[in-house]
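Q: Please read through the structure below; I'll follow up with questions.
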4 protein chains.
Amino acid sequence: MVSTNNHKGKEAITKQRKRQILNAARDVFSRKGFAEATTAEIAQTAGVSEGTIYNYFASKRDLLVSLIGGYALDESLLNLFKSPTINAIDSLPALLEDRIDIGFENSDLLTLLLAEIQRTPEFGEQYSGQVLNPGLALLKTYLDMRVKNGTLRPVDTEVASRAVVAMVVGLIAVHQIEGKDGFLANYPVKDLADEVANILSVGLGTKK
Amino acid sequence: MVSTNNHKGKEAITKQRKRQILNAARDVFSRKGFAEATTAEIAQTAGVSEGTIYNYFASKRDLLVSLIGGYALDESLLNLFKSPTINAIDSLPALLEDRIDIGFENSDLLTLLLAEIQRTPEFGEQYSGQVLNPGLALLKTYLDMRVKNGTLRPVDTEVASRAVVAMVVGLIAVHQIEGKDGFLANYPVKDLADEVANILSVGLGTKK
Amino acid sequence: MVSTNNHKGKEAITKQRKRQILNAARDVFSRKGFAEATTAEIAQTAGVSEGTIYNYFASKRDLLVSLIGGYALDESLLNLFKSPTINAIDSLPALLEDRIDIGFENSDLLTLLLAEIQRTPEFGEQYSGQVLNPGLALLKTYLDMRVKNGTLRPVDTEVASRAVVAMVVGLIAVHQIEGKDGFLANYPVKDLADEVANILSVGLGTKK
Amino acid sequence: MVSTNNHKGKEAITKQRKRQILNAARDVFSRKGFAEATTAEIAQTAGVSEGTIYNYFASKRDLLVSLIGGYALDESLLNLFKSPTINAIDSLPALLEDRIDIGFENSDLLTLLLAEIQRTPEFGEQYSGQVLNPGLALLKTYLDMRVKNGTLRPVDTEVASRAVVAMVVGLIAVHQIEGKDGFLANYPVKDLADEVANILSVGLGTKK
DNA sequence: TATGAATGAGGCTTCATTCAT
DNA sequence: GATGAATGAAGCCTCATTCAT
């Protein structure tokens, strides 16, 4: 029992230590980008020594891989596309508000992700498979249903679902370009979401 | 005359050499990102020696600055938002097709731009001022006109113009994530543009 | 206690390592001059790798600054002008012998110092303040006293003290120019000191 | 005749061009030191292009060699030790004033010389042979004469002549260390020369 | 002969990774 | 397991020298 507990305790500690380092890596990577992030700064941010990182991760690159493939992004950027419940979709303004909010908050991570996907296409496949596709699939299912019951025009839902996602991602990018003094950064997110939802939904609705 | 010609010739050669190096820099930066690009690779790509770069640019960073601020992007990514003529806007599908085409072709540059804007907010200001804002302004003028003459709902055109741009940028980003075997990369651009234009324009149109 | 000891041990090692590198820097700088000294040679001389230098000093220049401003020269060239005790002054031949000996041994450092003072006047101020002026002040105090009690002519002791120092420095310079086969390098230092002391002291003494 | 004149003209032009470049080299070397001087700056200072330098000198180092061995320094620093006439020596204050004046004005060159002699002992031999020794010899001859006719104590004139030179050189060095706001730089050269001459000459004189 | 663009060797510096404690 | 000093590969940049014009 004791040793079991110790084991569990050790595993828990190990897991917690990995998390601690990954969080630090996420912060530094998203601020500096992968290449300009230093293990020294990650260690300092995590409150551990540089050597300790290598007790938990094989390399700096392994940190990035764990970050993009792992649970660590789940709680921030990844939620951007993560399966909303069908119910959530039903309220497009609320859904958009939620996603825009998360996205603006984590636009650095989106940039990091785009940049690293570019250098390592596998990241794109991984991210597509784990995050983007499930989200798109759910969206598509929902749109298909509404097309079938006649509350939507018979659009190509494969495209339409991507258009919805693209709208959110694009707003994040424009927000990033405009900066903290730009228009989007200072427009109430709720109003933004309402306007955009309106544009999208009315556009997708059947004409009378 | 002779010396004048010589002068002109030298200036022309200098300009052409700068262009040659900037083109190489654009290639390598967009492929590797700024930090991971090496001056050695840029030189090799440009077909000059490493030292030669420094006869034309003060530093590697100066290459980036010249690239983002200069004419070098004008012919590719910058066109993404560069003032389309009012006439061009009139045909939303054609406009979107054009921009999506350019964007898919240069998605690496969009990523580069986003990443470097994040590290150097001045780049964002510069890009906003020189490229994004003029494009948005033109779009807004056009939308305002159509709102006034009743062919569009009275939307917030400040938001709506950004939504249109965001849609394009977002599609580029999603395309980038999905990769060359993804859905968007293999969907006919013309059809994509038609679909998206439909979503946007019908959504923006007055309900009967 | 243990951790305290460890701390002390680490600090001691750090200090010792800095010293080790500074000593190497002094050797190489004085042999090659600052600009022509390479960090590679300093590292090799110190018996560490090149990167290690930068764990202790911010830059090659910082090595020079630490060298000129720090304790590292105290034990060699700096003693040249460092406050001798009044007693020591009393025996001018002994004082001169001591200083000439030190100076001949470290003429490379004098040259280094002069050269770098020329490029960085702050070094001159620093060296004047920390080393030269205190030495001159002591010398002047002593000369003033002897003027007052009549064992010296009423010379301008501000000038006279500099003359004494200049004599030593000049001998070192001439020795440097003549080289190891030159006259001064092969003249017994004690005899040289006696002769020069005679020239100076009789010259400074009252005429009967 | 014509061709001869042309030849003479060409030679004259060549000589004049060499001189022009050497002067520039002297300026830059004495300001920056040999290693930190760049051929670019020398060319600019000389008002020629970088390539032109290599039409007259084999290398940057050759510039230094020509400078130290050649006529180019003759007109400034070299005069420091260059054979004064016996008559000139007769007035020690005047001689010292002259030399101190030249020396203070050209202390950068003295520093340059010392530094480069250190790296290239041949320079020291060359300088000793061409400049220092002749000067010392003349001084010694003069001192010997005065010893013989009883107006000087029977000092070792080999040492005494070096002491006189050392005094001048040392004053220059101290002046260099103290900088332009230091004591020596702001003391009237004539008074300084008088004081020092007094110290030296009375010291060298026979006691009554 | 004058030019100055091109070259490339070599220097300083950074930083991911290792390893002895 | 934690530490952080040591390492050395690799990158950016400088600058003496060459050479085609």
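Q: Among the helices (runs of 4 or more DSSP H) contained in the stretch C:98-208, which hold 2 or more residues that are facing chain D (nearest Cβ under 7 Å) and under 26 Å from D:Ser161 (Cα atoms)?
A: C:107-119, C:157-178, C:189-204
Q: Now a separate question. Within the stretch B:41-59, track down each residue that is of a type outside the set (Phe, Trp, Tyr), closer than 22 Å to B:Glu11 by Cβ and buried (at least 17 other Cβ atoms within 10 Å of the Cβ).
A: Within the stretch B:41-59, B:Ala46, B:Val48, B:Ile53 qualify.
Q: Let me ask something else. Condition first: polar (S, T, N, Q) and open to solvent by less than 20 Å² (accessible area, probe 1.4 Å). Now tell me which residues in the stretch A:140-180 satisfy that.
A: Within the stretch A:140-180, A:Thr157, A:Ser161 meet the criteria.
Q: Here's something else I'd like to know. Out of the stretch A:25-41, which residues are away from DNA strand F (no atom under 12 Å from the Cβ) and touching a residue at least 12 places away in the same chain (Cβ under 8 Å)?
A: Scanning the stretch A:25-41 gives A:Ala25, A:Arg26, A:Asp27, A:Val28, A:Phe29, A:Ser30, A:Arg31, A:Gly33, A:Phe34, A:Ala37, A:Glu41.
Q: Right, here's the next one. Among the residues of the stretch B:26-36, which ones are within 15 Å of DNA strand E (Cβ to nearest atom) and either buried (at least 20 other Cβ atoms within 10 Å of the Cβ) or of a type in the set (Lys, Arg) (or both)?
A: Of everything in the stretch B:26-36, those that are within 15 Å of DNA strand E (Cβ to nearest atom) and either buried (at least 20 other Cβ atoms within 10 Å of the Cβ) or of a type in the set (Lys, Arg) (or both) turn out to be B:Gly33, B:Phe34.
Q: Which of the residues spanning the stretch D:144-163 are closer than 19 Å to C:Leu192 by Cα and touching a residue at least 24 places away in the same chain (Cβ under 8 Å)?
A: Those that are closer than 19 Å to C:Leu192 by Cα and touching a residue at least 24 places away in the same chain (Cβ under 8 Å): D:Leu152, D:Arg153, D:Val155, D:Ala160, D:Ser161, D:Arg162, D:Ala163.
Q: Is it the case that the stretch C:63-73 has a residue that's open to solvent by less than 40 Å² (accessible area, probe 1.4 Å), at pLDDT 90 or above, within 11 Å of DNA strand E (Cβ to nearest atom) and within 14 Å of chain D (Cβ to nearest Cβ)?
A: Within the stretch C:63-73, one or more residues are open to solvent by less than 40 Å² (accessible area, probe 1.4 Å), at pLDDT 90 or above, within 11 Å of DNA strand E (Cβ to nearest atom) and within 14 Å of chain D (Cβ to nearest Cβ).
Q: Oh, and also: Filter the stretch B:8-25 down to residues that are open to solvent by 70 Å² or more (accessible area, probe 1.4 Å) and within 10 Å of DNA strand E (Cβ to nearest atom) and give me whichever is nearest to the other protein chains (Cβ to nearest Cβ).
A: Ranking the qualifying residues of the stretch B:8-25, first place goes to B:Lys10.
The values are calculated or read from the model by the stated rules, or taken from the named source; none is laboratory data. Given the structure is predicted, the values throughout are model-derived calculations rather than measurements. Note that we place each Cβ from the backbone using ideal geometry, even for glycine, and neighbour counts take in every protein chain shown. Ligands, DNA and RNA are stripped out before the accessible areas are found, and what is left, the full protein with its side chains, is counted by its heavy atoms. Shrake-Rupley method; radii C 1.70, N 1.55, O 1.52, S 1.80 Å.
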